[in-house]
Amino acid sequence: QVQLVVSGGGLVQPGGSLRPSCAASGITFSMYAMGWYRQAPGKQRELVATITRGGSTNHADSVKGRFTIPRENAKNTVYLQMNSLKPEDTAVYYCKAFGLGTDYWGQGTQVTVSS
């Protein structure tokens, strides 16, 4: 049974940092590309960042220079390091494992950026 368990969201002030994590089980984690997506109220889910199994990354323009997506294959975990957070980063954040024909999604974690 495949599980992606997301944790580490929360409430943070503008300019602050958070580092949600996504721990995978039931898959050979190192063989999958991983991604973080977000969905704000009333908006479509959008790509935040991805990392290939080889470590190449891609980021949405809105988060470049502020967010990174490190992965630790030994821990079957991908993170989303979010710095310099803005109110417009407020959303539910999801992780996804993909690249081998079947996509797997984790549950969301709420990130709220507010003073």
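The values are calculated or read from the model by the stated rules, or taken from the named source; none is laboratory data. Since we're looking at a predicted model, the values are computed, not measured. Reconstructed Cβ throughout: ideal geometry from the backbone, glycine too, with neighbour counts over all protein chains shown. SASA here: full protein model, heavy atoms, side chains in, ligands and nucleic acids out. Shrake-Rupley method; radii C 1.70, N 1.55, O 1.52, S 1.80 Å.
Could you compute the net charge surrounding A33? Neighbours are other residues with a C-beta less than 12 Å from the C-beta of A33; K and R count +1, D and E count -1.
Value of the local net charge: +2.
For region 1-47, the pair-distance distribution built from all alpha carbon pairs, in bins 10 Å wide starting at 0, is 19, 42, 31, 8 percent. Taking all protein chains together and rolling a 1.4 Å probe, Y79 ends up with roughly 20 Å² accessible. For the chain, the solvent-accessible area of protein heavy atoms averages 51 Å² per residue (probe radius 1.4 Å; ligands and nucleic acids excluded). Summary value for the chain: 36 percent relative contact order, contacts being C-alpha pairs under 8 angstrom separated by 6+ residues. Magnitude of the charge dipole for region 48-115, about its Cα centre and with charges confined to Cβ atoms of Lys, Arg (+1) and Asp, Glu (-1), is about 180 debye. Taking the convex hull of the alpha carbon positions in region 4-115 and averaging its projected area over all directions gives 6.5 nm². Ordered by solvent-accessible area of protein heavy atoms (1.4 Å probe), largest first, the residues V12, V2 come out as V2, V12. When you filter the trypsin sites (Lys or Arg not before Pro) in region 19-71 for DSSP loop state and at most 16 other Cβ atoms inside 10 Å of their Cβ, you are left with K43, R45, R53, K64, R66.
With a Förster radius of 25 Å applied to the beta-carbon distance between A74 and Q39, the computed FRET efficiency rounds to 0.25.
When a 1.4 Å probe is rolled over the protein heavy atoms, the share of accessible surface on region 2-105 that falls to carbon and sulfur comes to 47 percent.
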